[in-house]
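Okay, so here's the structure we're looking at.
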Amino acid sequence: MGEGVAVSGDIAAFSDARIDMWSKIGSGVKVGRNAYLGEFVTIDGKLIVEGDLDVGKEVKIKGGFEAKGWIIVRNPVPVIMFLLLYIREMMRLGKGEEVEKALEELFDDSEEGEEFDGKEPAEKVLIIPADTRISPEAMEIGGKAVIGNNCYLIGNLRVQSIETGKALILKGSINSEGNITIGENSTVYGSLISKGQVHVGKNSRVFGGIRADSVVMHEKARVDGTIKAPSGVSFLREASGEKPPLAEVNALGKVIMVEAEEQLRNEPDKGLVKAVNIEEADSPIKTGLKVKDGFVPGMEKKSARTRSLARTRHFAGPRSLRKRQGAGDHQS
């Protein structure tokens, strides 16, 4: 767990637990192996550790603790003083390059090569970012949330953006400022709300509505609710023969055929889809007055005879007047 994480419920770890400084646990903590607590960590319940307990300065455990292994209380001040004395002495001896190399190794944050029980950390470790708030009602994460495969979560999620793996079961809704990506074979018992784009993978199901700027769904995905997307809804389908993999109908009545799967893999930062062919769809609404073989309000169809009689009546009046005027002049 990162710095400043707040958890209102219990924590149970079958292996190790590492809780960074300024975090607060609202109930008990049970650890199957070793526990590492940073400075100023507060635990309102009881701490039970099956292995070693390593705690920093000003750690408060209100419910008491039990540890079957070693108990180590760390004080970082002597370590800092030692480093200062070491750097000053090495600089006095003119070994600045060695000091720089030692500092790089000391403060290197990379975790390459680190393994837990012979497996990669992504398969074995739950990582909670700094300043996260976790409660039975909701989980609030200030940055991007990444959920692995075969996960089971209960509660709502409030994140900046989220990407999930395959076979996720979420009993709650997701509210995101950015994009939401739901992996294949996943089930969400709630709504998806995003100011960006929502992508629902193959064979996934959402028991709720979707409200986002745009939505991209696989043709085998299902949403049991209302979809609201001002920028349009796109449907992905598996390429078979000459059929295009995506058909999109936007608000302007245009049918857009796009190549989607390749661009999803190669250009994730440029949006999920890109139009390669645009065809105008016939619109049932005629906006112009010159419509071929169509009906225009106020203009009825007339036969040739009717039009000829109309022209005769139009010119008959002025022609008769001229004849009467000519006859009158002749008689006078």
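We did not get these values from a lab; they are worked out from the coordinates using the rules stated. All of these numbers come straight from a predicted model, not from anything done at the bench. Here Cβ is always computed from backbone atoms with ideal geometry, including for glycine, and neighbour counts include all displayed protein chains.
Could you check the simple spin-label distance between PHE82 and GLU177, using points 7 Å along Cα→Cβ, in nm with one decimal?
Using points 7 Å along Cα→Cβ, the separation is 4.1 nm.
If you find the alpha carbon centre of region 37-59 and of region 174-190, how far apart are they in angstrom?
Region 37-59 and region 174-190 have Cα centres spaced 35 Å from each other.
If I take R0 = 22 Å and measure r between the Cβ atoms of ASN149 and ARG33 in this structure, what FRET efficiency does the formula 1/(1 + (r/R0)^6) give, to the nearest 0.05? Walk me through the numbers before you get to the answer.
On the way: r = 24 Å, r/R0 = 1.10.
Efficiency, from the Cβ-Cβ distance: 0.35.
What's the ranking of 37-43, 64-70 by average number of surrounding C-beta atoms within 10 Å, highest first?
37-43, 64-70
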